[in-house]
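A.B. asks: Structure incoming, see below.
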Amino acid sequence: MKKPVHDFTAEVPEWSPYVTPVDVAQATPEQRAAMKVTPSNKGVSAYVLTLAHDPESLEVRSPLFNLIMYGKDGLASAERELGATGASVVNRCIYCTAVHASRFLNLTKRNDVIEAIFADEREAKLEPRHQALFDFAAKLSTTPIEASVADVRALKEAGLSELEQLDLVLSVAIFGWANRLMHTLGEPLA
């Protein structure tokens, strides 16, 4: 029997839902339509099959997720992944941390950044732009109302445009939501 994973890793574990996922062969037309636009466009995961119990929400969630995480303008894809990793570390979502840390690594080959985050979490010491992104993601994920003008100024001083700042807020915010869904709907297994 597989055991729950509790340590951060960039190796994506299996995610095991507590609720029986929708069986594609038995899915309603509404569920099938909602599952057509998956977040990565690579297939229908157990997570999406679980969310398909509420096709109306899933039908809105997937395109929104895709636009936030895979948008062409604003923040670079790797930096969106770093924001998602920061949010997921703070929220202790092992699965999402692994997924987005591995995507960051695939895009950047910067093992040093992920190793520092996994080793020191919120105390990680990174190069200035990564530090500003990570610190903001961590603060926004911990207590959103504490994110201040000074925090936004730090992002600007690190070279982030207003559109990049907005993209960071969106990627962190959607992971505040996604992490909570992952925690309540299932667990990562090794």
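The values are calculated or read from the model by the stated rules, or taken from the named source; none is laboratory data. It should be emphasised that the depicted structure is a prediction, and the values quoted were computed from it without experimental measurement. Using ideal geometry, Cβ is built from the backbone for each residue, glycine included, and neighbour counts are taken over all protein chains shown. What goes into the accessible areas is simple: the full protein's heavy atoms, side chains included, and nothing from ligands, DNA or RNA. Shrake-Rupley method; radii C 1.70, N 1.55, O 1.52, S 1.80 Å.
A.B. asks: Is there a residue being among the hydrophobic types (A, V, I, L, M, F, W, C), in contact with a Ser or Thr (Cβ under 7 Å, 6 or more places away or on another chain) and surrounded by 17 or more Cβ atoms within 10 Å (Cβ to Cβ) anywhere in region 23-39?
C.D. replies: For region 23-39, residues among the hydrophobic types (A, V, I, L, M, F, W, C), in contact with a Ser or Thr (Cβ under 7 Å, 6 or more places away or on another chain) and surrounded by 17 or more Cβ atoms within 10 Å (Cβ to Cβ): absent.
Residue-wise test of (1) in contact with a Pro (Cβ under 8 Å, 6 or more places away or on another chain); (2) open to solvent by less than 20 Å² (accessible area, probe 1.4 Å); (3) within 23 Å of residue 181 (Cα to Cα).
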| site | (1), (2), (3) |
| --- | --- |
| 74 | no, no, no |
| 88 | no, yes, yes |
| 106 | no, no, no |
| 119 | no, no, no |
| 133 | no, yes, no |
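A.B. asks: Also: Would you call residue 84 surrounded by fewer than 23 Cβ atoms within 10 Å (Cβ to Cβ) and closer than 12 Å to residue 171 by Cβ?
C.D. replies: No, not satisfied.
A.B. asks: Would it be correct to say that residue 80 is of a type in the set (Lys, Arg), in a helix (DSSP H, G or I) and more than 16 Å from residue 133 (Cα to Cα)?
C.D. replies: Against the criterion (of a type in the set (Lys, Arg), in a helix (DSSP H, G or I) and more than 16 Å from residue 133 (Cα to Cα)), residue 80 does not qualify.
A.B. asks: Enumerate the helices (runs of 4 or more DSSP H) found wholly within region 91-190, keeping only those where 2 or more residues are without any contact (Cβ under 8 Å) to a residue 60 or more places away in the chain and over 30 Å from residue 3 (Cβ atoms).
C.D. replies: The helices (runs of 4 or more DSSP H) meeting that bar are 94-108, 128-142, 149-157, 162-185.
A.B. asks: Still on this structure: Can you tell me which condition residue 72 does not meet? The list is (1) without any contact (Cβ under 8 Å) to a residue 12 or more places away in the chain; (2) among the charged types (D, E, K, R); (3) in a helix (DSSP H, G or I), and all the others hold.
C.D. replies: (3) is the only condition that residue 72 fails.
A.B. asks: Being open to solvent by 40 Å² or more (accessible area, probe 1.4 Å) and not hydrophobic (A, V, I, L, M, F, W, C) is the filter here, so list the residues in region 151-183 that pass it.
C.D. replies: If the condition is that a residue be open to solvent by 40 Å² or more (accessible area, probe 1.4 Å) and not hydrophobic (A, V, I, L, M, F, W, C), then 153, 156, 157, 159, 161, 162, 180, 183 are the ones that fit.
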